[in-house]
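Please read the structure below before turning to the comments.
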Amino acid sequence: MACLVRDRAKSHRGARTDDVLRFSYRSVDHKGAAYTVGPMNGDHWLLYLTSPSTRVTVSPADHKLPRAISAAATAENIRQPSPRRRQDQTLEILMTHLSPSARAPFFHPADLDPSHTSPASDAIKPRSGHHLGAILTTHLGIDQLFPRDETTIDAFGFEPCGYSANGIVGSGSSAATAGSSPEDGEEEQGGGYFTIHVTPEEGWSFASFECNVPLPLGTNAAAAAANDEATTTARPDLQTLIRKVIDIFQPGRLSITLFLSTPSEDEAAAAGGELTQDEDTARQAWSAFSKSLLGSGYVRQDRIGYEFEGYDLVFGCFERRGFEGGKLALAPDV
């Protein structure tokens, strides 16, 4: 799956988009399909979907095992993939027109890092990118998006501005590991990752957030009650996490996309026409993208649903109430 976001002010760059789609098509042996998600004359996604290749790329002779054993094992793995134990869920938030106060920390002002200046000589000390990243992560509360005791974050602050972070929650895997049990908690919740990238320059400010940690779509009462506590032990529900991210970056305009895996034909047939748990979750996702998702400070512009083979997608565009962004300043062609 590949995703591109395209702003309404950049519609004249269609040739570049076509080049990307042609490259994607060739890269997957001319398989898959391209979609436009969202209004063509507004903010929208260009989405390319393709299935994983089932071709064996490593020959049995490349393994230490005897050819017959290796070939049999390879064929068995292809015929019987590991069963999916929980629904795959991926959240993506793309934000533009960040507020001046939200952009300011990403230029690394001195007051965020008193150790940057030597008291004796006022000399500027060199700072590493990881040092800057750690300061921003704590200052902005990114280390509180998920419970600290199960979160590992590797963040980097760029000079003169910018930020990137990769986080692992739990085991880092959204699928249950072999031998896991409900007692260890991993079977119940699963792990996952989140990534953040920020370009804070005025005129084309942008921030992205992606996460595949399984989250409840309804309100998590325990997380909501502990929302203001630094020692939160409960994972947030979907709405709480989204609002936390929006509070950090304060975008004028944003799009939110949620991908949810859906039951296979065999699973649907086994359900005998009854609504499966995954299908029920997909319906909850549609309801979750309500006009009140972000509270009274934002207005929903669009809500769109797609049903793909194996996945459902819910897409929503929001704009800050009273936002007057106008046209974006465009970077020069290169």
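Taken residue by residue, region 262-277 has at least one member that is surrounded by 15 or more Cβ atoms within 10 Å (Cβ to Cβ), at pLDDT below 95, in a loop (DSSP other than H, G, I, E, B) and touching a Gly at 6+ places or on another chain (Cβ under 8 Å). Is at least one residue of region 248-258 part of a loop (DSSP other than H, G, I, E, B), at pLDDT 95 or above and in the same structural domain as Ser99 (by TED's automatic domain parsing)? Among the residues of region 248-258, at least one is part of a loop (DSSP other than H, G, I, E, B), at pLDDT 95 or above and in the same structural domain as Ser99 (by TED's automatic domain parsing), which makes the answer yes. Residue count for region 209-224 satisfying the condition of being modelled with pLDDT of 95 or more and surrounded by fewer than 19 Cβ atoms within 10 Å (Cβ to Cβ): 1. Looking at region 178-192, which of its residues are crowded, with 17+ Cβ neighbours inside 10 Å and modelled with pLDDT of 55 or more? Listed by number, the residues that qualify are Gln189, Gly190, Gly191, Gly192. Do you know which of the residues in region 139-177 that are loosely packed, with under 14 Cβ neighbours inside 10 Å and assigned to a helix (DSSP H, G or I) is modelled with the highest pLDDT? If we take residues in region 139-177 being loosely packed, with under 14 Cβ neighbours inside 10 Å and assigned to a helix (DSSP H, G or I), then His139 is modelled with the highest pLDDT.
Results for (1) part of a helix (DSSP H, G or I); (2) under 28 Å from Thr199 (Cα atoms); (3) within 19 Å of the chain's Cα centre (by Cα); (4) modelled with pLDDT under 90, shown as yes or no for each residue.
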| site | (1), (2), (3), (4) |
| --- | --- |
| Ala282 | yes, no, yes, yes |
| Ala285 | yes, no, yes, yes |
| Leu293 | no, yes, yes, no |
| Val299 | no, yes, no, no |
| Ile304 | no, yes, yes, no |
| Leu313 | no, yes, yes, no |
| Lys327 | no, yes, no, yes |
| Leu330 | no, yes, no, yes |
| Asp333 | no, yes, no, yes |
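The values are calculated or read from the model by the stated rules, or taken from the named source; none is laboratory data. Not measured: the values here are computed from a predicted model. Quick reminder, even Gly has a Cβ in these numbers, built from the backbone with ideal geometry, and neighbours come from all protein chains shown.
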